[in-house]
Structures are given as structure tokens and as C-alpha cells.
Ligand SMILES: [Zn+2]
């Protein structure tokens, strides 16, 4: 198994900016093997991503059957993914009543909110910040202040 060396933003950048194919490939292995335990370092590397891509774009990393470049590309992809916002949609289908208004606390965007007094329906439209899927959440107040919720995905 590949043992990550002194894994830090400074070390990875120093190796990558050397423009030495062997050292970049080793740094790419470090990134791939540390992406779970050192996500914070990948986030720190994100501002240098363009520069790293530029350096490795035209380089030849060799490879017997498959090009070694794929390890370098995978490492760059992991850095890119490290700052992406997680999709929140799965939270909506947890087995407990979700109030559209309160889903803001989880990071959803509240696009509209309405209360229909005649039918005692509280209606919210929210949007997932990552995948931008919209949902309508209707809450029906029944007796004893029990609410039942209906969540429907909306397509534009
Ligand atoms: Zn989503």
C-alpha cells in the first residue's frame, strides 16, 4: 500500500511545481490515498488547481498499458470535488416530518412561503443549493396540531 509522505499543501505544491513527471505522479498518489482523511488539505489546494492543471496538461507521465496520466487527472478531480457543496436532497426523504421553512437551517434556499388559512395548508418552495432541484412542501394541519407533509419535486 502506498504510504502518504509528509502530506501538506506546501509539500504537494512543491512536488507539483517541480514539473518533474515522476514527482507529480507520486504527489497524485498521495492525493488519491489521502482524500478522505485530509479533505481539508484538498480544499487548501483548490486555489492552485488551475496552475496544477496547466503544468500537467501537456506532460507525458508514461504508463505501460494504460497512461499514468489518469492518476494525475483523478487527483485533480478530487481537489475540484473537495469544495463542491453536498447534495441535500436525501434529507427531504428522511422519515420525519420536514417543515419547508426549517429546511433553510440545513442549507436549502427558501423560494416562497404561503399559508392558506381556509384549508390550513402551509406551502413552501425550496431549492437544493447543490443540484438546484426545487421542491414543494405542503404541510396539512390536522386535529391536535398533528401535521402531515407532502414533498413533491418541481421541474421547471
Ligand atoms: Zn440536491
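Can you give the helix-only mean residue ellipticity at 222 nm for the chain, where every DSSP H stretch with n ≥ 4 adds -39500 (n - 2.57) and the sum goes over all residues, rounded to the nearest 500 deg cm²/dmol? Before the final figure, lay out each step's value.
Numbers: 5 runs with 52 residues, N = 156.
Computed mean residue ellipticity for the chain: -10000 deg cm²/dmol.
With 0.36 nm allotted per residue and the present C-alpha distance subtracted, the residue 109-residue 37 stretch has 22.9 nm of extension available. Across the range 93-154, the volume of the C-alpha convex hull divided among the residues equals 84 Å³ per residue. The length gained by stretching the chain between residue 130 and residue 26 to full extension, at 0.36 nm per residue less their Cα-Cα distance, is 34.2 nm.
Residue ranges 99-111, 46-58 sort as 99-111, 46-58 when ordered by packing (mean number of other C-beta atoms within 10 Å per residue, highest first). Binning the alpha carbon pair distances of the chain at 5 angstrom intervals from zero yields the distribution 1, 8, 15, 14, 10, 7, 7, 8, 8, 8, 5, 4, 2, 1, 0, expressed in whole percent. The label point for residue 8 and the one for residue 73, both projected 7 Å from the Cα toward the Cβ, are 3.3 nm apart. The rule of thumb for compact globular proteins, 2.2 N^0.38 Å, goes into the C-alpha radius of gyration of the range 9-81 1.00 times.
All of the numbers you see were taken from the coordinates with simple rules; none came from a lab. The model shown is predicted, which means the values in this text are computed figures rather than measured ones. All Cβ positions, even for glycine, are placed from backbone atoms using ideal geometry, and neighbour counts span all protein chains on display.
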